[in-house]
Every structure is written in structure tokens, then in C-alpha cells.
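Data block below; observations after.
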Amino acid sequence: MDPDKVFCHNPNCPARGKLGLKNIGVHSIKQRRYICHICGKTFTDTKGSVFYRLRHSAEFVTQIITLLAFGCPITAIVQAFGLDERTVADWQHRAGIHCQKVHQHLVQQPRDLGQVQADEIRVKHQGGIAWLAMAIAVSTRLWLGGVVSARRDTDLIKSLIEQVRNCALYRPLLFCVDGLVTYVSAIQKVLAMPVLNGKRGRPCLKEWENLCIVRVIKKASGRRVTGITQRIACGTWKQACLLLKQTQNTLNAHTAYIERINGTFRSRITALVRRGRSLVRHLSTLRNGMYLVGTVYNFCTPHKSLRKVLYLPANSHRWIHITPAMAIGITDHVWTARELLSYQVPLPPWKLPRGRPSKRLKELINQWNL
Ligand SMILES: [Zn+2]
């Protein structure tokens, strides 16, 4: 047990989510509990992780969730391990919620993305048809997020672009999308920046500088693609070619990278298998499955086309495959599934409540330099 790597989870504690204050001590080694010396609350070492209040060991739960993350059907797990179907479904739900938090905390930070590709998957579920829209950063193969909706409409595309905006720095940006016209206006609207001039009323909106949108329109005859047309819908071809060269080293605009990751998701989420029989009942199950697969893909799976050189003694070197999260600089190593599932997302910083603070609170703030 290492109290220096743990923070207080009490939402009412002034030190919630803060590391390095030396306010955490070990309360019980046997029960694996910590204590916060500021609010006096104790908490277990699994608080904030997937394993919190589970009766099974963390190792066993990790094994089951890893199987789920790589597409093993729940019925197979139930047969093999003798678990109740509802228990496995609950673990999948927990893992999905946890991975969504990890994704929002670590991946949705402003970074230079260069080129983004976006696409939608049509999903059959028990109540009808749903749509899963996802986006990927091309140069690092980082999965940027996804949205599940009952309709393929402007709201679905806007929610997806909002997720991309959360991950993007204000730098030249190229979008390669399919023929869906909704993308162009949705991207331009969501990426427009308000210009604050101190006057009352709705601020003016400024366009994202050096934004390019390329629509890749496929012509199909039956099931075969017979022709592809690239149309620039925003920006210039000169700028688009510059970004294509930087991010994928060719000048051919396409949506192959997002289609490849769609294939990965189709193979790992049984509900996405074409003409499959395991349809999901609730869209939340699909959303949780998407976050679990997406986060395991970003953090735990070395990518075959991403690699870095590892220098060894005696002037030798070796190339190693890295994960998308390593390629973009979120982490420096390949995470294990256990590491991902036990990652504790810090709570948002505590704010001084309205009104005059009590004497005790003032003392605490001065004593702990909060
Ligand atoms: Zn506390």
C-alpha cells in the first residue's frame, strides 16, 4: 500500500482528487483501507476502480473483462466459468462506465491531431436500427471516441464532432469523411470559436483557421465499389495535401483508417457482427461495449503500424510496437488490463462553498495549504 499514490474520494473533502498533499495515511493493512487526515474518512484501495465492492478477486474479474474486450460472448464465459449471466453483464457495464471516465480524463485533452477520419456503423438491435459514429486520429491511430444514437441525424454527428473538438488543439486540421452531407455543416458549426469582446449578447463566431474537410464519395454497383470521388467541402486542396503528407505520407484522401478500426470493433463487439444473431436489447450496452473495446485498443494493444526504436547497450537497437496512447504521448508503456481497470480518475477540484467559511474550514485550508 502506497498512500502517496492515492487521493481522497470524499466529494465533500477540500482535498478530493489531489495528490502530493501527504494527507492520506494507511488505516488498516489487513482490510487494505486508507484514511484522509483532512476529512477523517476511510476508504478501501479499490475505491474508484472497477473492482470496488466485488466479491471476486481483481485478477479473476480482469480475466473476464479482458475476454469481453476481445469479443468473447457472454454465454461462452457463463459456460466456461460457471458465473451468472447477470454478473458478467454487470462487470461489462462497470468496465464500460470506468473506461468512459478514463477516456474523458486522458484522451479528451487538446492535442495536435493533423488528420481525423469519421464514419458511422449501422447496428441492428432488438428494437430496430441504431447508429454508431466514431472518429480516429490518423497519424497516431488514436480512437477519439464514439456516439450511439437511434437515428443518423445532425445531433449524432454534432455529438461526435464535439468529442473530436475536446481532443483537438487549435492547429490546422483535416477531416476525411464519407458522403454524408451533414458532416460539413456540423464540423463548421461545432468548431466555430466564440470571439469574446466584452459586449452583451451572443458573441460572434470565428471559423477554425486552416480547417479542411474532404468528402470521400463512393459509387457502388450492387455490393462492389466501382469508383471513388474526393471532393473538398471546406478549405483548399493545397492545405489538405500538406496535412495528408504530414499525417499519412501520401496525397490520397480516403477513409481507410476509420474503416479498419470499424472492422476491429465489429470483431470485438458481438452485436456489431454483420448478420449475427446476438442483438443487444439496450443501446447503453452497446455504448459500454464501445468504450471498453476503444480504451483497451488505445492503451493496452500495441499497434502493428506504430513502432519506436529502443536503444540497447553496445550501440545496438530494437524496434518495438507501441499503442496509440504511447504514440500521442499520453503514456510511456503498454498498459495491462489490470492497470486500466484499476486506474483511479481524479475527482474535479473542490470549490469553496458560497458564504462565509467556518472557522474549522479556514484552519484546514491554512494548515494544508489548499
Ligand atoms: Zn478527505
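Summary table
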| item | result |
| --- | --- |
| Those residues of the stretch 121-142 which are among the hydrophobic types (A, V, I, L, M, F, W, C) and either open to solvent by less than 30 Å² (accessible area, probe 1.4 Å) or not in a strand (DSSP E or B) (or both), in sequence order | I121, V123, A130, L132, A133, M134, A135, I136, A137, V138, L142 |
| Cβ-Cβ under 6 Å pairs, at least 6 apart or on other chains, the stretch 34-52 side among the charged types (D, E, K, R), far side open to solvent by 40 Å² or more (accessible area, probe 1.4 Å) and within 13 Å of the ligand (Cβ to nearest atom) | none |
| Enumeration of residues in the stretch 13-36 that are open to solvent by 40 Å² or more (accessible area, probe 1.4 Å) and near the ligand (Cβ under 8 Å from one of its atoms) | R16 |
| Flag for T264 being in contact with a helix residue (DSSP H, G or I) (Cβ under 8 Å, 6 or more places away or on another chain) and without any contact (Cβ under 8 Å) to a residue 60 or more places away in the chain | yes |
| Any hit, the stretch 80-100, residues being open to solvent by less than 10 Å² (accessible area, probe 1.4 Å), of a type in the set (A, V, I, L, M), touching a residue at least 24 places away in the same chain (Cβ under 8 Å) and closer than 21 Å to S342 by Cβ | yes |
| Unmet requirement for P3, which otherwise passes all of (1) surrounded by fewer than 19 Cβ atoms within 10 Å (Cβ to Cβ); (2) within 10 Å of the ligand (Cβ to nearest atom) | (2) |
| Matching residues, the stretch 37-50, being near the ligand (Cβ under 9 Å from one of its atoms) and among the small types (G, A, S) | G40 |
| Inter-residue pairs, beta-carbon under 6 Å, first closer than 15 Å to L174 by Cβ and in the stretch 108-134, second aromatic (F, W, Y) and open to solvent by 30 Å² or more (accessible area, probe 1.4 Å), 6+ apart | Q117/Y257 |
| Candidate set from the stretch 211-235 (those that are in contact with a strand residue (DSSP E or B) (Cβ under 7 Å, 6 or more places away or on another chain) and among the polar types (S, T, N, Q)); member that is most open to solvent (accessible area, probe 1.4 Å) | T226 |
| Boolean, A253 is part of a strand (DSSP E or B), open to solvent by less than 80 Å² (accessible area, probe 1.4 Å), touching a residue at least 40 places away in the same chain (Cβ under 8 Å) and not acidic (D, E) | no |
| Any hit, the stretch 188-203, residues being buried (at least 20 other Cβ atoms within 10 Å of the Cβ) and of a type in the set (V, I, T) | no |
| Among (1) modelled with pLDDT under 95; (2) in contact with a strand residue (DSSP E or B) (Cβ under 9 Å, 6 or more places away or on another chain); (3) not polar (S, T, N, Q), the one test that H103 misses | (1) |
| Qualifying residue in the stretch 237-249 (condition: assigned to a loop (DSSP other than H, G, I, E, B) and at pLDDT below 90) | yes |
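The values are calculated or read from the model by the stated rules, or taken from the named source; none is laboratory data. Values in this document were obtained by computation on a predicted structure and should not be read as measured data. Cβ: placed from backbone, ideal geometry, glycine included. Neighbour counts: every protein chain shown. These accessible areas exclude ligands, DNA and RNA; they are computed on the full protein's heavy atoms, side chains included. Shrake-Rupley method; radii C 1.70, N 1.55, O 1.52, S 1.80 Å.
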